[in-house]
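Undergrad: My questions all concern the structure below.
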Amino acid sequence: MKETLMRHKKIKEMLGAYFDGEISGQKKRIIEQHLKTCQTCHRELLLLEKTDKLSKKLRYSSQGDEYWKTFSYRVSTGIKQRIIPIPEKEAKMFKDSFIVGGKNYGLKAMVFPFSLVAHFIIAALLVIMPMMNTGNLPEVEIYSAFLAPPPPPPPPPPPPAKKAL
C-alpha cells in the first residue's frame, strides 16, 4: 500500500513533464498504465490539457524591459509579504512616514570612502590646529634660574655667662 502511494505521488509530480513530452521509455509506459487505473491522476492530466488549450487561446502581450528588470524584486516582495505579514499596528505607525529608502547602492558605495576621509581630515584639523597656534609664550627670566641658593643663617649667639657674686 505504502509503495503504491509513493508511486502515485511520484507519478502525480511527473504529469506535467509527461504532458510536455519530456518523458519517454519505461517511465512513459508506467505513467500511461497508472493513468488507466487512477482517476485522480487522469483528471489532473485533463486539467493540464484544458489549461494548455486556454493559454494558447489567450493573446500574448509582451512586457517591456522595465517589467522584467523588476520581476524578481516584485516576486520576492510578494513572497515575503505572504510569509511575514506586516502587523496592522506597524502599518498604521509608518503610514505617514515620508522616508523612502533609495536604491542607489553603487553611488553610496562610491561616496562612503570619500566621506570617511573627509571626516577624518576634519577631526585631525580640529585637533592639530589649536596645537599650531601657540601665541606669545611667556618670557622666562634666565638669570634667576642660575643663582645659588642663599647661605644658611648664622648660628645663634652663645648664652650669656653667669655673674659671680
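The values are calculated or read from the model by the stated rules, or taken from the named source; none is laboratory data. Bear in mind the structure is a predicted one, so any value in this text is a computation, not a measurement. Cβ placement follows ideal geometry from the backbone for every residue including glycine, while neighbour counts extend to all protein chains displayed. Each accessible area value is taken on the protein alone, full model and side chains, heavy atoms only, with ligands, DNA and RNA left out. Shrake-Rupley method; radii C 1.70, N 1.55, O 1.52, S 1.80 Å.
Undergrad: Tell me the per residue accessible area of the range 43-82 using a 1.4 Å probe; a whole number in Å² is fine.
TA: 98
Undergrad: Binning at 5 angstrom from zero up to the longest distance, how are the C-alpha pair distances of the range 13-84 distributed in percent?
TA: Pair shares across the bins are 3, 13, 15, 13, 11, 16, 13, 10, 6, 0.
Undergrad: Taking 0.36 nm per residue of separation and subtracting the Cα-Cα distance, what length does fully extending Lys103 through Lys56 add?
TA: 13.1 nm is the gain from fully extending Lys103 to Lys56.
Undergrad: Right, here's the next one. What FRET efficiency do you get for Arg29 and Gln63 if R0 is 41 Å and r is their Cβ-Cβ distance, rounded to the nearest 0.05? Each step should come with its number before you reach the end.
TA: Details: r = 40 Å, r/R0 = 0.99.
Computed FRET efficiency for Arg29 and Gln63: 0.50.
Undergrad: Enter the accessible area of Leu125 (Å², nearest 10), with the probe set to 1.4 Å and all protein chains included.
TA: Leu125 exposes around 90 Å² with every protein chain in place.
Undergrad: Which of the residue pairs Lys69/Lys108; Lys10/Lys57; Lys10/Lys80; Lys57/Lys80; Lys36/Lys57 have a Cα-Cα distance greater than 25 Å in the structure shown?
TA: Lys10/Lys57; Lys10/Lys80; Lys57/Lys80; Lys36/Lys57
Undergrad: Once phi is turned into θ = phi - 60°, what whole-Hz ³J(HN,Hα) does the Karplus curve with 6.51, -1.76 and 1.60 give for every residue of the range 149-156, x standing for Gly and Pro?
TA: x, x, x, x, x, x, x, x
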